[in-house]
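Here's the structure, in structure tokens; my notes come after.
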Amino acid sequence: MHNKLGCMQIINADFAPMDIAKLKIFVAVYRAKSFAVVAKQRNVAASSISRTIAGLEEELGLRLFQRTTRTLNPTQAAERYYLRMEPLLEEFDLAQQEALGETLQPSGLLRVSASSSFGQLVLAPLLGKFQQAYPKIQLELDLSDSRVDLIAQQFDLVLRHGALNDSSLVARKLLDVNYLLVASSAYLKQSAKIQQPCDVSDHNLVGFTYRELNKQWLFSRGKTSEKIAITPSLSLSSAAAIKECVNHDMGLALLADWTVREDLMSGKLVQVLSDWQVTGANSDSAIWLLYPSRAFMPNKVAVFSQFLLDNLQSV
């Protein structure tokens, strides 16, 4: 057989459905770098996934993965094979979706991950509107304050806050986040006055566990900017939990405006240094839509992304 890394098998007239399944397993293993992860995703034994890859290697006459007891590393041949096969499998899926009419009526399971606070306060109120518009999409929204692995955990779309560090994913900015420094009235009455950014160092701070938000705050006003090193007395991963602590007079916190808007309107919380803009150490205060870097974006992902862009610009 010539050109083993080409598309000979996928366009063969005798191409069987099982061959497509085998190639999809290869793509999944390549992305996850683990037989066990893919086996869990598909609810099969890891040995079954291992045998499938071994069978594919035998057919190709190539070693696709170097195995040790702890790691599974793709070979250069696997990388070349993945780059050729991944877009072909995407086209195959697109053809099936078009044949089934998904181009006109997006359908299927859509797995989305977002932070717990943003999901509860911002996304959840919009889900009914989305379901009315796209009744054939089954939306599964996973709310987690840890950074999930989009590929390994098989999410179609992830909403991520702040700086991005994974260039293998496609990113689209959803919205900019305006952070506010807040505290309860009771805490401010019993604590030292806060008249300038450096004064926050003398206060109890409730912060995020994320490094870009719990090491340094950047204060900006006009052409003036100040970086203030901080040491939170308490750090949590959830914005909702941080707000609860602040409401119980535990100190100052830097929170997104959509998190505290109602509390500010009701007077439960007070904005501190309101004439300054405040962000974390990384000034990239935004929420991003992330999805796999693929030639074809499934319609269910495209319509949900556009729905969020259309409905969250005023958040």
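The values are calculated or read from the model by the stated rules, or taken from the named source; none is laboratory data. Everything numeric here is computed off the predicted structure, so don't read it as measured data. With ideal geometry, Cβ positions are generated from the backbone for all residues, glycine too; neighbour counts draw on all protein chains shown. These accessible areas exclude ligands, DNA and RNA; they are computed on the full protein's heavy atoms, side chains included. Shrake-Rupley method; radii C 1.70, N 1.55, O 1.52, S 1.80 Å.
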Verdict on residue 181 being of a type outside the set (S, T, N, Q) and under 30 Å from residue 158 (Cβ atoms): yes
Single residue of segment 210-233 satisfying the filter (within 25 Å of the chain's Cα centre (by Cα) and open to solvent by less than 70 Å² (accessible area, probe 1.4 Å)) that is modelled with the lowest pLDDT: 212
Filtering segment 215-246 down to residues that are within 30 Å of residue 120 (Cβ to Cβ) and among the polar types (S, T, N, Q) yields 216, 220, 231, 233, 235, 237, 238
Give segment 187-209 a look and list any residue that's at pLDDT below 95 and under 21 Å from residue 161 (Cα atoms), or say none. 207, 208, 209
Sole miss for residue 313 among (1) surrounded by 14 or more Cβ atoms within 10 Å (Cβ to Cβ); (2) modelled with pLDDT under 90; (3) under 24 Å from residue 125 (Cα atoms) is condition (1)
Just checking, does segment 181-204 include any residue being closer than 30 Å to residue 306 by Cβ, more than 11 Å from the chain's Cα centre (by Cα) and open to solvent by less than 40 Å² (accessible area, probe 1.4 Å)? no
Which of the residues belonging to segment 241-294 are aliphatic (A, V, I, L, M), closer than 29 Å to residue 305 by Cα and open to solvent by 40 Å² or more (accessible area, probe 1.4 Å)? 281
When you scan segment 150-256 for strands (runs of 3 or more DSSP E) that lie fully inside it, which ones turn up with 2 or more residues that are over 18 Å from residue 118 (Cα atoms) and β-branched (Val, Ile, Thr)? 224-229
Just to confirm my filter: which helices (runs of 4 or more DSSP H) fall fully inside segment 26-131 and include at least 3 residues that are open to solvent by 20 Å² or more (accessible area, probe 1.4 Å) and of a type in the set (A, V, I, L, M, F, W, C)? 35-42, 76-99
